[in-house]
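Taking it in order: structure first as structure tokens, then the write-up.
Computed from the coordinates by the stated procedures, all read-outs in this text should not be read as laboratory data. Quantities reported herein were computed from a predicted structural model and do not represent experimental measurements. Reconstructed Cβ throughout: ideal geometry from the backbone, glycine too, with neighbour counts over all protein chains shown.
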Amino acid sequence: MKCLLLANESAEVLFYWTDTEFEQRVQEQYGVSQEEGERLPAFEDSINTLFAPIIISCSTMVDRLGDNYTSFSTENNHIYVLHQFEECLYIAVNGDGDETEEDLKRKIFVMKKLTEIMFGMVTFSGALLRKELRPQDTEQRNRLWKKLRSLLETYSRLRENDQSFLVEAVERLIHPTLCEQCIEFLERRLVQQINSNMDRMGEEVLHAFILVHTKLLAFYSSRNASNLYSSDLLALIILVQDLYPSKINLDETSEELESSSVPEVFYTPEPSPPERESVRQRGDSPPVFQFVDPDVQMAEDSLQTLEAPTPDPSAPSRVFLESKECPMPHSMYCLPLWPGITLVLLTKIPNSHVATSVCYFLEAFVKLEKRLCEGHEGAAAMRGQPSVQEQRSRLEKLIKTWAGMDIQTSQLQNAWTDFKNKAFICCPLCTGSFLQLSAWAAVKKLMDWKDFLLVKSKRNITMEFPGLIHFIYVDRSNGQMIAPSLNVTDRTVSELGKGPLADFIKKKVWSLVATAQRYLQKGYATVTLRDGDYFYCYFLWFENETGYKLEVIDIPSSPDDGAPVGMLTCDYYRKLLRYYSKKHQNEVVKCYELFTVHLGVIPNEYILQHCSQLARKLWEPTRIPLL
Amino acid sequence: KITLPPLTNSFFFLYDSSKVQEEVDLTRDGIYYFSPEDTPIDQQELLCGQLAGVCRCVSELSSSPVRLLHLRKSKYAVRMKDKFLWALSCVVDIPDVSVCDLLDQLIALFCFYNGPVRQSYQLYSKQELALRWARYLCHLQGGSTELHHIFSCLRTIDSTHIDPLLLLKAALILQACQRCPLVLAGCILYRGRVVSTQMPPALTVKVMVYETQTYSQDFQVTANGLSSLVGSPFSSTATTQVFLMPTELHMLRCPPVDRACRSHCNQPPCQPSRSRLLSRTLSDTPTTDTDSSMPSSPRSSLSDELCFSPSPSRVNTPIHSNLMNQSEYFTPDSHVHSTSNGTNLCAVEEHLAGLNINQIKSEENKLDANNHVTNKNGNGETEEEAKTKSKQINRKLKEKNEPTNTPSPHETLEDTSLVPLVLYQHRVKGLVLALLVEPEFITDHSAREEVHHSSLASLNGLEAHLRNTSPGTPGPPGPYTFAHYDCIQNTLTTNVCGRSVGPQDQAFVKATKLVHSHFSRLDTLQEAIVRNASSAVYGTRTTAQETYFLQQGTPVRNSGSPDPQDSAFSLPRKARLRLLKHGVNLL
């Protein structure tokens, strides 16, 4: 029984997602008639009615007590988590015990991240976000909500099954030679060629990478590109997985790899919703690069991109990526090479610099509005802030510049809409034939490696340590992780690798990570636990670039209502590194984490020795150049 | 550095939503009790109104009562039952499980002394009951360390400084009392701390209410006053009606063999109190034979001698008898006030309000003199007084009872689920023998005599011994900090002392909170070591105990990377060695 809801301060639902159980419960409780066609609005109304008292009470508490609810729990262990971002209230509910309070909080923050990726600076303003998330047109709204729901479900699936989304770090395929070759390919054959092409209409490839399922095979950034943060990369993987879901299920793998053994069904994958099925089939079919006339693909708005019933590889999605100044609009092209292997290109769109100005004004206006609401006169502007007049003249100047750029802009109140039109005009990256060529080149390049890669993605790393059951090693400085796959079925790896035991271990690993993060949030960087027949360790430490281990520091403990520990959401580790670097200003500081699960019968001394050996060995692969 | 007990700045309220149903109803009508009482009424209304509204909404959505409500700056443990809503707040870093336990204890305390809540509010004014809530709240908050709140444990006498023979003696006194078949179980308290108990911890804590308060550190001045006071001969007995839950009663009535079995089966001590308010169905209703067979004589807060005379009035319905006792037992501080003297009651009131401690002291002294006389000079007069008083009370009762309607079916159900019993207390200076006895005990003259006389001499002896035992100057604090919680007896042994807590102790308490919370969530978790830059804490638990250990001193420079030489990992070995001398066996 799950639900996620976004509402604004006037208790208007901006978006909701529920599972069928929750929907049924609400309908039973409120006797909502379930007529075909009418079902949706009626259900939306009842959701609205149900949550309205909570939403209203939230604003009362904020206004009158300066405090706000963060969670409720009931005697039958239903959990409600609430979080307010500016004017937008998120509520996540779980009634089936699958998710903890922490999970729900994370889900809320991920939802927030997804809206930021999709809508950029619109999320700065409640009114604009409302317009964007709740279009007047019901059709349009349904389409958007369907897209958001699908993204949320994709995230939940990844969070539940994929270790890289468990620890929120990108997993790399460990194969130095191939990796290097691919990077070279991306650089010479793809990015350089596309960017030197005259047909690209002002677009420029900034980043290119190849994913094998959710794992990163190679990544290349052009010289003028700014840094792509791990949080964005993870969010982009969610988008890619939403377009081309890969079937990483425990039993599927085991059947693939062990066709000789008696098939046993240990794990039943959750039934996918019917609409997902069609997408999956598309993902499965061999990719055909049928590029229609790219000009036809022009999308005026990101919403219209969502509209497209089939994800056309040459139709880019608009994504907003973090940069120093503001969320910068980019185009993302996803090209499935084989099922499970995807080439992703991120391009800078022409006029994207407009975003910086718009962002500036948007923030200025939001501040101004707040000030006016609080009763300060515009004239009595706060110190250090430009006056209204100043803002106005700046804005006028900007609009003139835009006019010069052939953008139809005349009125102040239209500034935003017009920006959107401009910024959202998707220029097709290059002619179809060219894109086709690059994709073909990629296909040719990887042809021999394809099967290897797909298997490798499931059995990335193995390590022989008696008594060691599982580990996850994370380099937080570059946001990457290494771990043996939990769905490995090769008998040589571990007898624990399949069936209910694997599932049990998986649960344990998931709970270990959650536990470690909870302790880390409270400032504990080393944790060992003896739980049942297993012994768990967690370590976080800092090193300089040469691998010299730096002294441990007191990590500030963060409040319970703060962002969850992770990278996808608010990037805790980036802040942690910044905090540590203040004390080591003249050297590069790196941050590592190690999670291990051992058999409990192994003496502690051996376990700790293992951990330290493991950390030493794993340090090596991270030396592979990725850029 | 002084750290305040975690509940000092907390809110507690009882709200009846059945009083606020129409638009015109005022929220304040639903507020039965709100602490701190000097909170402005509009703020009280705001909090009660908002929390009650949200709780109702959530409980409807989930078809289950709300249990916990987190805010950014505080958290509330919540109980919802029959339109009542109790909420107790605390700071956010107290474990959820601890604050929920505290609220449950608070409600249980109220019901123990007053019976069902709805009925109590039909009988007494909000003001009268507010006084009691305040007292119970004070009892739970009073004077103990943060660790005590985390484990919500009993305050026990420091057994390491006491001749074990004395503990044996205490246990023998209790066993001797049990020879009287009407005595169910007992406990012996010395200056607000448990010396020996036969009751489950949840019951012991209820019996201790007034004792702990008297001797808690919050009332240091008063306690000093009393300790000077107990120098004079001072012995009295009193009885109070109390209400037990069927589960509690069952545990008391089952034979000792079963009792042994009980602890063997390892039933979590707090379980009955949890289930109590959650589901009370007809099937839970105990055999009502006690109700019907209960002789309804006025339970007296007066000295026991008074009760030897036949009671002038007899009331026949359980409810009536209950009313009777309640109003008579207006302030159940019977152990202090063995005479029913108006001034004494006043003194108690003031004492509670914390108004003028010096005045209280003098009142107590006066009272002491009074008692002294009473006990010495026979009791013709007092008996007379008592009779008049009970008549007055009867009148008062009738007045009160007439306008009240017959209880609703639900309330009747609630009534039958709490079983009236009698708490007998025999005080010898700082020492109190508290026995839970069958109601017949009061009228059974010979039984009373027997219990009184069989225990009197031993109690006097025990008191003298305990008084002469040096309060135990704690030895030089070791280079470590520990806390050992006995889940079965609900007791805590620790060397974190009092309220002045150093940085190492703070680090210890912080880690203990987290690990305890983790233990409470994960049954299979056996041990944990958590380490930050300045401290490492080791926690281990079995079904019977939880132990936490911190080695003091600055840790050797380390990086936090996996290292077998890391001193944090030697904590289990150190804890095993060091704690042996505290009677903690971790082997």
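Here are a few things to note about the model shown:
- When the alpha carbon coordinates of the stretch A:42-82 are projected onto the principal axes, the ranges are 34, 25, 12 Å, largest first.
- Rg/Rg_ref, the stretch A:184-234, where Rg_ref = 2.2 N^0.38 Å and atoms are Cα: 1.21
- Inter-chain Cβ neighbour count for A:554-562, averaged per residue, equals 3 (cutoff 10 Å, partner chain atoms only).
- Its Kirkwood hydrodynamic radius, worked out from the mean inverse distance over all distinct Cα pairs, puts the stretch A:77-234 at 18.6 Å.
- Cα convex hull of the stretch B:19-172, projected area averaged across orientations, nm²: 12.4 nm²
- Mean Cβ count within 10 Å, highest first, over the residues of peptides A:137-149, A:539-551, B:520-532: B:520-532, A:539-551, A:137-149
- Size of the stretch A:33-143: Rg and Dmax of its alpha carbons, in Å, are 15.6, 45.
- Here the alpha carbons of the stretch A:557-627 define both size measures, Rg and Dmax, at 16.2, 44 Å.
- Burial order of peptide ranges A:473-482, A:176-185 (average beta-carbon count within 10 Å, highest first): A:473-482, A:176-185
- Placed amide H near residue A:171: partners under 5 Å, 5+ positions off or other chain: A:216, A:481
- Average partner coverage of A:538-544, which counts Cβ from other chains inside 10 Å: 3
- Evaluating 6.51 cos²θ - 1.76 cosθ + 1.60 at θ = phi - 60° for every residue in the stretch A:87-103, the Karplus couplings come out as 8, 10, 9, 9, 10, 10, 10, 9, x, 10, x, 6, 10, 8, 4, 5, 4 Hz, glycine and proline recorded as x.
- Hz values of 3J(HN,Hα) by residue in the stretch A:321-336 - Karplus curve (6.51, -1.76, 1.60), Gly and Pro given as x: 10, 4, 9, 4, 7, 6, x, 9, x, 9, 9, 10, 10, 10, 10, x
- For residue A:77, distant residues with modelled amide H under 5 Å away: none
- Sorted peptide list for A:128-135, B:435-442, criterion being average Cβ within 10 angstrom, highest first: B:435-442, A:128-135
- Look at the stretch B:520-528: the mean tally of other chain Cβ atoms within 10 Å of its residues' Cβ atoms is 5.
- Relative contact order (%) - criterion: Cα under 8 Å, at least six apart; region: the stretch B:523-580: 27 percent
- In order along the stretch B:157-173, phi translates into HN-Hα couplings of 5, 6, 5, 6, 9, 10, 4, x, 4, 5, 5, 4, 4, 4, 4, 5, 4 Hz, rounded to whole numbers, per the Karplus curve 6.51 cos²θ - 1.76 cosθ + 1.60 with θ = phi - 60° and x for Gly and Pro.
- With 26 Å as the limit on Cα-Cα distance, the pairs of A:146/B:73; A:147/A:590; B:429/B:581; A:506/B:574; A:112/A:522 that go past it are A:146/B:73; A:147/A:590; B:429/B:581; A:506/B:574.
- 5 angstrom amide H check on residue A:600, placed H, neighbours 5+ away: A:534, A:535
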